[in-house]
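Asker: One structure follows; several queries about it will come next.
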Amino acid sequence: MTTLIAKTVSKVCVPIIILFSISLLLAGHDNPGGGFIGGVMFASAISLFYVVFGVDHIESIYKNHWDKWFAVGLLLATITGIGIMLLGYNFLRSAYVSATFPLIGEISIISTIFFDIGVYLVVIGGILHIFKEMGEDK
Amino acid sequence: MNPTMLSITIALLFGIGTFMILRRDMIKVAIGITVLSHATHMLIVTSGAFLGGKVPIITSDHESGSGIIFMDDIAAGVFAPIVPEGTEMIYSDPLVQALTLTAIVISLATTAVLLILAYRVYQEHGTTDLNEIRRLKG
Amino acid sequence: MDPFIAIILAVFLPFILAGILPAVERLVKDKIGWYASGVAFLSLLLVAVAAPEVIRGGAVQSSVQWIPSMGLNLSFYIDGLSIMFGIIVSGIGVIIMSYSNGYMSTKEDLSRYYRQLLLFMGSMLGMVFSANVIQLFIFWELTSITSFMLIGYWRNRSLSVYGATKSLIVTAGGGIFMLTGFLLLNIITGTFDIGTILQDPSIITTIKGHDLFLPALVLILIGAAAKSAQGPFYIWLPNAMEAPTPVSAFLHSATMVKAGIYLIARVHPIFSGTDAWLVLVGGLGIITMVAAGFLAFRQTDIKGLLAYSTISQLGYMMAMYGYTTYQYPGIGVASATFHLLNHATFKACLFLVAGIVAHETATRDIRKMGGLRKELPFTFIIGSIAALSMAGIPPLNGFLSKEMFYESSLEIGQLLGGPFAILIPAAAVLGGVFTFAYSIKFIDGIFLGKRRNDELPKHIHEPSMIMLIPPGFLALLVIIIGLFPSAAVTYMIEPATSGILLEKANVYVSLWHGFNAALVMTIVTFIAGIAIYTRYDAIAAWQDSFNARHTKISINYVYDSIVDGAKGKSSSFAAFMQPGPIKPYLVSLLVLFIVLGTIPLILVGGLMIPPGLAFDINIYELILLCLIVVSAVGAAVMGKYIYAVLAVSAMGYLVSLVFINLKAPDLAMTQILVETLFTIIFLLVIVKVPQTFKEHLTRSVLVKDLLISSAVFVTVLVLLLNAFQGITSPFESISYYFIENSVPLAKGHNMVNVILVDFRGIDTLGEIVVICLAGLGVYNLIKSRSDSK
Amino acid sequence: MILSMQHVPVILIALPIIFGSLTILFRSKSTLQKTLNIAVFSFLLALSIALLLHVWYNGILVYEVGEWGKYGILLVADLLGAGMVVLSSLISLMAMIYATDYMDRKALDSTFFPLFNLMVAGLNGIFLTGDIFNLFVFFEVLVLSSCGLIVLTGRGDHTKMADKLEAIFKYLVLNMVSIILMLVSIASLYATVGTLNMADIAVKVGYLADAGELPWHIHVIAMTFIVVFGYKAAMFPLHFWLADVHPSAPAPIHAMLSGMVIKVGIYGILRVHYLIFSESMFMLQPILIILSLVTIAVGATSAIGQYDLKRLLAYSSVSQIGYVLLGVGMGTAYALTAAIVYLVNHAIAKSMLFLTTGETLYHAGTKDMRKMGGYAGSAPFLCIIFLIGSMSIAGLPPAGGFFAKLLIFDAGLSAQFYIPIAIALIFAIFTLFYLFRTWLTIFWGEVKYCDPTEACNIRNPTTSIKVALSLLAGVVIFIGVYPEPLIALSSVIAGQLLDPQPYITAVLERSVR
């Protein structure tokens, strides 16, 4: 599969898929999408890299610890829950903040987005960790 | 979709999956479990309280005041939610979809472990024949 | 001092002082034995302090709250019986531990030895003073365990291990039966407290009329018989002789084996006066007495002889406690109690003598001994006194209690009438004859005659005074009680008998009580005993040939074949249950599911196919569902993995179409992406394993598997059709809440996502934990490879 | 705020998760992690005890995650849940203390700590959740973490990797099938009553039953849950995995699996069946009694023939779980009390026994009992602890197992289950026999084997292992000598199980914003 076309195509496609996955993540609260779907999409993109270029090649360019990703994601998700408790709410209660900025307009943030980002990171990290370990195994 | 036909399909898939996990072949067992998982996911979605409505994404801000009671009053024998006569459900059940999503991701994780495990078992035992993999007995 | 405080101290001080024994050992080194005897003496004093009030005033009881939720109190019941046992236990304890100072070499693990002896003594005291049966049982099992430990004191010898195992299994196993008997008693009476039962005649009447009377009696009797080596349970006691001799003297003749007798005496008021009691207790006692007497006569090991003799003597007591009729429920109680005391004195003494002999001659085989009276004169005198007492020679104490035994045997025989008038006294005499014969054998074989063998060490000499004084003291007791029984009777036997009979008892014992039937029986016993002893060789030859012909008629044979055979049988059972491949396990899971799923249909009844099913479906949906089934079948039948994987991933994509059809866009998207990942992982794996696997499907396997699959199909289908009939009011789904509140409360329009991250956030948290675990688990799996290489 | 008592249930779940992820991030510093983990686990134990006391004095504590009432997920700490959490915290703390010296350096440096933390989170989640789907999620957490942990190795772990993988494969496949059955039942239940909260389901099922309209498939669902929980608890005929899986795990994990993880099945039956399916109990009880008796018999009979020490003890676990199930099946208040006491005692004594076994195997250098013997001299500490454990499992006083057995027998006899108790009694003697013979084989008899390269006395427990074992032994003896607190607690729990109304009221009387 390591043809030149595949390499070229994947070099173009992967960043687009990654961007798309981020947009899925952020849009998830109102539209189809969310942390899972975004994460799985991101993971598919990178796994495309792994398949096309080979794990060793990718690793030789940039050594990545995917386990750190899911650790951070898990931490982020849990801390979100705990953080809300500091405001006097129960664990994982959603808090909604909206503010109006000049030029940008009104921006509203709901705390669950951080939870979703955590999910996103965990899914990416978990799946790619499995891929990498499996791919590296000879 | 017609729930009866869907139930028959799901049950058939259960039968087929059962047949597959009774095979001697490790990979076939893994595939059989995948079939069973797919059937289960369809089953959970089918168990939704209301099928065939709209996609559960609210397009406009929902107006509250539908008259549904969400408070339990055990003393009075009120078990929420109490839906007044004639209330029409326009969306399909979102809860089962969320449950299915959870179940899908969990089964992805476990199946991944199962597959890698099968591969490792093959490495250690040198066979995928489950009748040969019987060092632990008695 | 208040008797309770004294008794509580007497019971628990040995435990506490045994606990600090290792520390004390560091201070006093080899003299630790004297510390232990000091503790025993302290207990003896404390019991003695408690004694007068009880002897004067009868039974007293007091309790402390312990486990109120079970209605259990830590309570102590003090009466003549328990005081007598307390004095025997602690008194013999003092003697044994002093003797041990000479017997046990300083190279031995003295700390362990004395610690366990003290623990045993404490448990024994705790047992005899316990008022509630659970507490009694706890101490009872503690004596079993300490006995087990002490039998296996030389723990690296295989015979010790064998004996210890046997004793534990028989006594502790019997204890479990006994516990059940106590529980039945509790169900009948509603109390665990034996004092309460004893003090209320109406409860006793209730018990005797209850359906559970016989089971309770039998179960308790099993425990008592196991402990006292009665009936078929005797087998452990001879093997227990692997213990150091002082231990045998203390536990396996004087005290622990009497625990069963104690229990029989304790429950005597509750159960006696019934046919069951007479048949079970009396019958068991008589049979054991005669059989064990014969076996003792045949022993060549001096400790073995004493062990069987102990069994036989315990049979005496058992039989006497069993003598009961409806009018006279306690005919033999006084004589049994007196014999119990006497036996403790002469048998402990005999064991100590045997210990000296074995210690000096370095053998326990009676055939190698003889003529030791010259080398061991004091030992000879002491041993002879004790043995003659056992034989029932006047004026020693054994004579007195045997006379009483004969008298009560005659009495019960006459009361029962018919053949029993002859049979019971005859059996008693037979037991006496064997007793006489082996007692003579003990003296004659060891001390009289001339040396039969030159294997004994050259220089045999009297042991140190430390080893002579304790048995000497016991021999003195034997004579004193024999000559002046009134003191012992007044202060011990009468209170104890009153304690058992629950009324003031008058016991009259004197050395000469006229020329009566009992005396005739005694004379017959002596003559027959001498006759049998002189025919020893003929009897031995007969028994040996019998044993050679019938090796399987032996309880030991049964025990050994069970214990040794268990391993093999169990191995093959386990191999049969647990064959190895995963398939039978899966089959049993599925079959259980099917069977359990069918049970409600049979028991409750219901429609397998609910009414109102609709089968209308449009053609595209039908095609979709058919395709799913087809791809699943394809995955099942494809031989090559790659095709099977492609089929199953095709199925996955088709499932996502179903999700779209069911208005679940998030699910469909997830399903497509997940399916892609699945396929990649599958492909990653199957390129590393053989590409195919050909399973040869025999017809029977195929039929069985299809049967199970179709049963699963039917079960799931019936469940689904019934379950998916829709929710009827008032059970509207909680989903309404999410639909109503997603936007106003959770500020999200995609309800599925809102449920995932908000309403049911902790589900999602658990789920990402699962993903992390999968990652970590796969890491471990892959990295585990280098370990095995 | 965070420190108020009300938040404790969620902290018990969240803290191990946070700590688990932190240990992934800083995983190579194992010396620091040992101390930190022990500290965290001690803190969890303290918290759980505080929670139990709180529940004991103030009634059931319900925690709304996300404050959505019964529509979200509720964590419910009633006495049963909180008690189980205390038990699991105790055992996991001891296993953790033990593991820090026992596990291989490589395991400690890589994934042991995160996996263990997440496993504890899963256990706490199972015991505290009030939502049936959430129960499934935590079940999966537990399963995957145990799979990951079984692969790791420790110093007395003489299991070949091939065996470990085979065992995990069986465990995982069977588990996935049983989990699929669980999902089927959950979905069917949801389709029938339209809710996932267990108290809510109970109310609605009860309403149907009162109205005489209970659909018969509710019973089928109850039966399917028996399969699911029976699998977790290793009930016959679902026990096959246990004898393969548990012995393959390194000792601390073995202790967790046999001590706590199989108790999850019992907890599931107590929670789900006694709460939701009380209408089906008339069918379930005979089934449970029969299956539990077979479980006792099969476990005890198979145990006798084993030469592999760990496998023997695994079969013993099967048999002992049978006794707990017997109590659960008999179903009277007294029998449930007995079952809970038995469960607690078995959890503590068995985990202690497994931890001791790990050290014994290390001392012996083999796991074949035929090659062991006479270690009483070279390993006196292990000898005593092993004896206490055996006594407790065999039901001899003064160890805790005595009262457990006593209560089971008493409960059975009072409820007139004479024949089941007679069978249980016979196999109690089997238990005594095989446990003591094992102990004798290992510690008495001829001194058979010592590793020629290392003297036996060097291969003795380290201080932290001794501490963990002594503490557990202390608890076992304490229960044996003064069981009143445990029995009192258990009987209150049994009362609550038989009358779930307070639980339901506490859960459903929530204000929903």
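Please treat every number below as a calculation from the coordinates, not as lab data. Worth saying up front: this structure is predicted, and the values here are computed from it rather than measured. Using ideal geometry, Cβ is built from the backbone for each residue, glycine included, and neighbour counts are taken over all protein chains shown.
Asker: Arrange the following residues from fewest to most other Cβ atoms within 10 Å of their Cβ: C:24, B:113. Please list the in-between numbers first.
Answerer: On the way: C:24 18, B:113 27.
So the ranking, lowest neighbour count to highest, is C:24, B:113.
Asker: As I understand it, the value is the acute angle between the Cα axis of helix A:66-86 and the longest principal axis of the Cα atoms of chain A; what does it come to in degrees, rounded to 10?
Answerer: Approximately 0 degrees, to the nearest 10.
Asker: Could I ask something else about it? Report, by chain and number, residues whose modeled amide H sits under 5 Å from the one on residue C:301, excluding near sequence neighbours (fewer than 5 apart, same chain).
Answerer: Those qualifying (amide H under 5 Å, at least 5 residues apart or on another chain) are C:366.
Asker: For the stretch C:371-407 and the stretch D:382-420, write down the distance between their C-alpha centroids in whole Å.
Answerer: 45 Å
Asker: I want to verify a result. In a Gaussian network model of chain A, Cα cutoff 10 Å, which of these has the top mean-square fluctuation: A:23, A:98, A:44?
Answerer: Per the Cα network of chain A with a 10 Å cutoff, A:98 tops the list.
Asker: Could you pull the Cα extents of the stretch C:582-737 along its three principal axes, largest to smallest, in whole Å?
Answerer: If we take the Cα atoms of the stretch C:582-737, the spans are 55, 42, 31 Å.
Asker: Counting only Cα, what are the radius of gyration and maximum Cα-Cα distance Dmax of the protein assembly as shown, in Å?
Answerer: Cα-based Rg and Dmax for the protein assembly as shown come out at 37.5, 131 Å.
Asker: List, largest first, the extents of the alpha carbons of the stretch C:738-789 along their principal axes, each in whole Å.
Answerer: 60, 14, 12
Asker: Any idea which of C:775, C:765, C:752 is furthest toward the positive side of the dipole for the stretch C:738-789, if Lys and Arg beta-carbons carry +1 and Asp and Glu beta-carbons -1?
Answerer: Going by the charge dipole, the pick is C:775.
Asker: Could you state the principal axis extents of the C-alpha atoms in the stretch A:4-136, from the largest down, to the nearest angstrom?
Answerer: 53, 32, 24
Asker: Taking the alpha-carbon distance from residue C:107 and a cut-off under 23 Å, which lysines remain once sequence neighbours fewer than 8 residues away in the same chain are dropped?
Answerer: Hits, sequence-local ones excluded: C:29, C:31, D:448.
Asker: As I understand it, the value is the acute angle between the Cα axis of helix A:112-136 and the longest principal axis of the Cα atoms of chain A; what does it come to in degrees, rounded to 10?
Answerer: In chain A, helix A:112-136 runs at an angle near 20 degrees to the longest axis.
Asker: Using only Cα atoms, find the angle between the long axis of helix D:400-414 and the longest principal axis of chain D, and express it within 0 to 90 degrees, rounded to the nearest 10.
Answerer: Computed tilt is about 40 degrees.
Asker: Strictly over 20 Å apart at the Cα level, which of C:583/D:232; C:583/D:310; C:567/D:367 would you flag in this model? Present the calculation step by step, with values, prior to reporting the outcome.
Answerer: Working: C:583/D:232 18 Å; C:583/D:310 24 Å; C:567/D:367 17 Å.
Violating the 20 Å limit, Cα to Cα: C:583/D:310.
Asker: Gain in length, residue D:447 to residue D:509, computed as 0.36 nm per residue apart minus the alpha-carbon separation, to one decimal in nm? Walk me through the intermediate numbers first.
Answerer: On the way: separation 62, 0.36 × 62 = 22.32 nm, distance 6.54 nm.
Net length gain for the segment: 15.8 nm.
Asker: What residues have an amide H closer than 5 Å to that of residue B:78, excluding those fewer than 5 places away on the same chain, when H is modeled at 1.01 Å from N in the peptide plane?
Answerer: When sequence neighbours closer than 5 places are left aside, the close amide H contacts are B:73.
Asker: Just to confirm my numbers, what's the Cα centroid distance between the stretch D:43-103 and the stretch D:115-180 in Å?
Answerer: So the two Cα centres are separated by 19 Å.
Asker: Right, here's the next one. What list do you get for D:459, C:367 if you sort them by fewest beta carbons within 10 Å?
Answerer: On the way: D:459 18, C:367 11.
Final ranking by Cβ density, sparse to dense: C:367, D:459.
Asker: Here's something else I'd like to know. So what is Rg over Rh here for chain C, counting just Cα atoms and using Kirkwood for Rh? If you can, show how the numbers build up before the last one.
Answerer: Working: Rg = 38.0 Å, Rh = 32.0 Å.
Answer for chain C: 1.19.
Asker: Fewest to most neighbouring Cβ within 10 Å: what's the order for A:10, C:248, C:408?
Answerer: Details: A:10 18, C:248 28, C:408 24.
Ranked by crowding around the Cβ, least crowded first: A:10, C:408, C:248.
Asker: Further, regarding this structure: Just to confirm my numbers, what's the Cα centroid distance between the stretch C:540-612 and the stretch B:88-138 in Å?
Answerer: 33 Å
Asker: Also, I was wondering about something else. Could you pull out the pairs from D:170/D:371; C:783/D:466; B:28/C:704 whose alpha carbons sit more than 20 Å apart here?
Answerer: On the way: D:170/D:371 29 Å; C:783/D:466 31 Å; B:28/C:704 18 Å.
Among D:170/D:371; C:783/D:466; B:28/C:704, the Cα-Cα distance tops 20 Å for D:170/D:371; C:783/D:466.
Asker: Residue C:208: which lysines have alpha carbons under 29 Å from its alpha carbon, excluding same-chain residues fewer than 8 sequence positions away?
Answerer: Reachable lysines: C:227, C:258, C:504, D:405.
Asker: Checking understanding here: applying a Kyte-Doolittle mean of at least 1.6 and a length along the axis of at least 18 Å (C-alpha), which whole DSSP H helices in chain B pass?
Answerer: Working: long enough: B:3-21 (26 Å, 1.86); B:26-46 (30 Å, 1.52); B:94-125 (45 Å, 1.25).
Within chain B the helices that satisfy the rule are B:3-21.
Asker: Leaving out same-chain residues fewer than 8 places away, which lysines sit with a Cα under 16 Å from that of residue C:303?
Answerer: C:347, C:368, C:441
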